[in-house]
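Q: Below is a structure I'd like to ask you about.
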Amino acid sequence: MLSAFLISLLTSVTPIASSSAIAQAPRQIVLDPQQMRPLNGGLDEVPMLNSNSPEIVQTEGILLSAFPADGMAYPEAHLNFPFQGRFDLFTHHISKAPPPEDLRTLYIGAIAHNPTDEPVTIDVLQAASYLSQPDAPFYEAPNYSLNNDGSMYRGPGDRAMLDILRGRRQDIFPAQIMIPPQQSRMLINVPIPVKELEPPLNGRSGLSRLRSNGKVYVATLALYARSNPDGSERAPNLEEWEQILQQGKLALPRDVVPTPPDLTEGRFEYSRVAGVQIGSQWFGNLTDKDSNDLAIPKFGESYSYGLSLLQYGTMGTEQVQTAPLKVRYPDTAYSAHGNYGVQYNLTLPLHNPTQQTQTVVLTFQNPIKYDKPVGGLQFFEPLPEDVFFRGSVRVRFRDDKGLAQSRYVHLMMRRGERGKSLVTLTMPPSDRRVVQFDFLYPADATPPQVLTVTTTK
């Protein structure tokens, strides 16, 4: 069931170190009794071109095309979904030398075409794209690190999502792209080099938030570097990208075929995503029913909200948060399991309705995945080696002195890990305190996680 979200092969080339005590100690599952709540709010209507299959790319070809099929050599490779206004472009792919001796650099391209008779301008609002090597290696890190300066990241998905969370546009992206009538332009044209690596394996993750003032079609493509007369490599040019778009097949190798979502017996395969999803951000105001407030838990108790809940991983809530796919290829995921690149924007209007001062703690946790209710959250003691979440979250709140705080925290959490306090508030009787929590779900993470509110003993 976890197969589609196992940490990418890039992680295996830099394994997480662990003590012999962790490796040898018997592992137990510990149940923390508490309430799981479905997450308030929902996804917006912004479409996202989600290019994540094949994850490992070993041939030239089409990764994901939302172009019309007319005039294309392989019509089945084109899904015909036009973009206009706000839309996102998410890419996450790995280059692995097809035979080990072929060390050409793989390029990932995203091409946009203006089918109209007027110029179209695409504004690049925020954008980031990073390699695993050397931009964001999978090194060991603490499970909790303050990250206000943005210097902590582990993996390209982690680093790219942090940039977007901080509102950045990486300098490799222009602020604006103008596409003349009936012409195309490249949105990205970026390399994944493997030549100096052992093994020859590298990956790249990226997210662009875009706005178009007219209709455009978009596709992601894969080409190997072209050779200059002196034998050096060069990036493919626009004409070469257009040729593979028009003449190319779907890139290989294909990922595991997904299990139809209505099948309930046997092994369930989520598979990788290649399609256009509807939903870029989840907005949620976490209040109690028929109230503008969120009452803190009773003394010594907790409740949690699921993050990136998915089929067979609803944590007892029966809520699936996965962004639906408007168009997809038949051998790829039925929905955007994992919500890679989706931003969660959550507001917690906390209220202490008691007559006693209470201490309230907000934590981000990585309990063991389950579907049907188990009476609480399950955790491992001691923890296993496998890391299930690498990413930064942001919390904004007023502290106990009334001062506004904005805190970025980098988390690197193993499966079944409880987590540490993101925010601790001392709330007098009848006190109200708003906490805003947000993050973008990073590639190379395994859903779901939870956001937990506890009134401590």
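Q: Looking at the range 337-370 only, could you name the residues that are under 14 Å from residue 439 (Cβ atoms), hydroxyl-bearing (Ser, Thr, Tyr) and part of a loop (DSSP other than H, G, I, E, B)?
A: If the condition is that a residue be under 14 Å from residue 439 (Cβ atoms), hydroxyl-bearing (Ser, Thr, Tyr) and part of a loop (DSSP other than H, G, I, E, B), then 340 is the only one that fits.
Q: Here is a follow-up. In the set 334, 408, 370, which member is surrounded by fewer than 19 Cβ atoms within 10 Å (Cβ to Cβ), hydroxyl-bearing (Ser, Thr, Tyr), in the same structural domain as residue 33 (by TED's automatic domain parsing) and closer than 23 Å to residue 282 by Cβ?
A: Details: 334 fails: surrounded by fewer than 19 Cβ atoms within 10 Å (Cβ to Cβ); 408 fails: surrounded by fewer than 19 Cβ atoms within 10 Å (Cβ to Cβ).
Within the list 334, 408, 370, the selection yields 370.
Q: Could I ask something else about it? What strands (runs of 3 or more DSSP E) completely inside the range 31-146 contain at least 3 residues that are under 23 Å from residue 270 (Cβ atoms) and in contact with a Pro (Cβ under 8 Å, 6 or more places away or on another chain)? Break it down into steps so the answer makes sense when it comes.
A: Values: elements: 35-37, 47-51, 61-65, 83-96, 106-113, 120-131, 144-146.
Those strands (runs of 3 or more DSSP E) span 83-96.
Q: Continuing with this model, one more query. I want to confirm something. Restricting to the range 442-457 and keeping residues that are in contact with a Phe, Trp or Tyr (Cβ under 6 Å, 6 or more places away or on another chain) and in a loop (DSSP other than H, G, I, E, B), which single residue is surrounded by the fewest Cβ atoms within 10 Å (Cβ to Cβ)?
A: So the residue we want is 446.
Q: Of the residues that sit in the range 209-222 and are surrounded by 21 or more Cβ atoms within 10 Å (Cβ to Cβ) and of a type outside the set (Gly, Ala, Ser), which one is nearest to the chain's Cα centre (by Cα)?
A: First pass over the range 209-222, keeping only residues surrounded by 21 or more Cβ atoms within 10 Å (Cβ to Cβ): 209-210, 212, 216-222.
When the remaining residues are screened for being of a type outside the set (Gly, Ala, Ser), the result is 209-210, 216-218, 220-221.
Details: 209: 14, 210: 17, 216: 24, 217: 23, 218: 20, 220: 18, 221: 20 Å.
Selected residue: 209.
Q: Checking residue 242 against (1) part of a strand (DSSP E or B); (2) in the same structural domain as residue 90 (by TED's automatic domain parsing); (3) among the charged types (D, E, K, R), which test does it fail?
A: Only one criterion is unmet by residue 242, namely (1).
Q: Still on this structure, please answer the following. Conditions: (1) within 22 Å of the chain's Cα centre (by Cα); (2) crowded, with 17+ Cβ neighbours inside 10 Å; (3) more than 23 Å from residue 52 (Cα to Cα). Residue 313 meets all but one. Number of the miss?
A: Of (1) within 22 Å of the chain's Cα centre (by Cα); (2) crowded, with 17+ Cβ neighbours inside 10 Å; (3) more than 23 Å from residue 52 (Cα to Cα), only one is false for residue 313: (3).
The values are calculated or read from the model by the stated rules, or taken from the named source; none is laboratory data. Note that the structure is a prediction, hence the values are computed from the model and not measured. Note: ideal-geometry Cβ built from the backbone for every residue, glycine included; neighbour counts use all protein chains shown.
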